[in-house]
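> This structure is in structure tokens; I'll ask about it shortly.
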Amino acid sequence: MIAIEAEVRKSIRHGRGLYAMQDIPKDTVVYFFNPDIDDTMLLNDASDENRHFGYACRTRPKTLSICGDMARFWNFPNPDEAANCVESDIMLFGEPIVVATNGIMAGEELLICPLTDLLYESKVRNL
């Protein structure tokens, strides 16, 4: 569940992306898995669409977490860019929370670290 004010807009990276609507200080919680909004299923049972909009977390490698809100439009950075959002050491509902790695300016696209998704390689290969 996205924990900051954000909106979905067109992205130069991949279709649509998630953008900050306010300045976000470093270490601010940006996302956490919330079982009231997000869903899970066995990775082997997931459709291509579920895999596209979900992620396989390192703490639950056989499970696909499916974002129930706008987090499904989060993009990875380009290979030459750094992510501005990464997993922290803090766990909630069995997954690490995601925090801002540095200050994120209002209007900036939120970019999630590829290490947050065990499906990263297959996703970028299919772009």
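The values are calculated or read from the model by the stated rules, or taken from the named source; none is laboratory data. Just so it is clear, the model here is predicted, and its values are computed rather than measured. With ideal geometry, Cβ positions are generated from the backbone for all residues, glycine too; neighbour counts draw on all protein chains shown. The area values use the complete protein model at the heavy-atom level, side chains included, leaving out ligands, DNA and RNA. Shrake-Rupley method; radii C 1.70, N 1.55, O 1.52, S 1.80 Å.
> Can you tell me how many residues in the range 84-118 are open to solvent by 20 Å² or more (accessible area, probe 1.4 Å), in contact with a helix residue (DSSP H, G or I) (Cβ under 9 Å, 6 or more places away or on another chain) and aliphatic (A, V, I, L, M)?
2
> Keeping to the range 50-67, report how many residues are within 15 Å of H14 (Cβ to Cβ) and open to solvent by 70 Å² or more (accessible area, probe 1.4 Å).
Final tally of qualifying residues: 2.
> Another question, if that's okay. Can you pull out the residues in the range 103-127 that are within 24 Å of N44 (Cα to Cα), part of a loop (DSSP other than H, G, I, E, B) and in contact (Cβ under 8 Å) with a residue 24 or more places away in the chain?
Of everything in the range 103-127, those that are within 24 Å of N44 (Cα to Cα), part of a loop (DSSP other than H, G, I, E, B) and in contact (Cβ under 8 Å) with a residue 24 or more places away in the chain turn out to be C113, D117, L118, L119, L127.
> Please specify each residue of the range 3-25 satisfying the condition of being in contact with a helix residue (DSSP H, G or I) (Cβ under 6 Å, 6 or more places away or on another chain) and open to solvent by 60 Å² or more (accessible area, probe 1.4 Å).
R16
> Which ones in the range 68-83 are closer than 13 Å to F33 by Cα and open to solvent by 10 Å² or more (accessible area, probe 1.4 Å)? Even if it seems obvious, please write down each step before you answer.
Here is the first cut: in the range 68-83, the residues closer than 13 Å to F33 by Cα are 68-72.
Residues satisfying the conditions are G68, D69, M70, R72.
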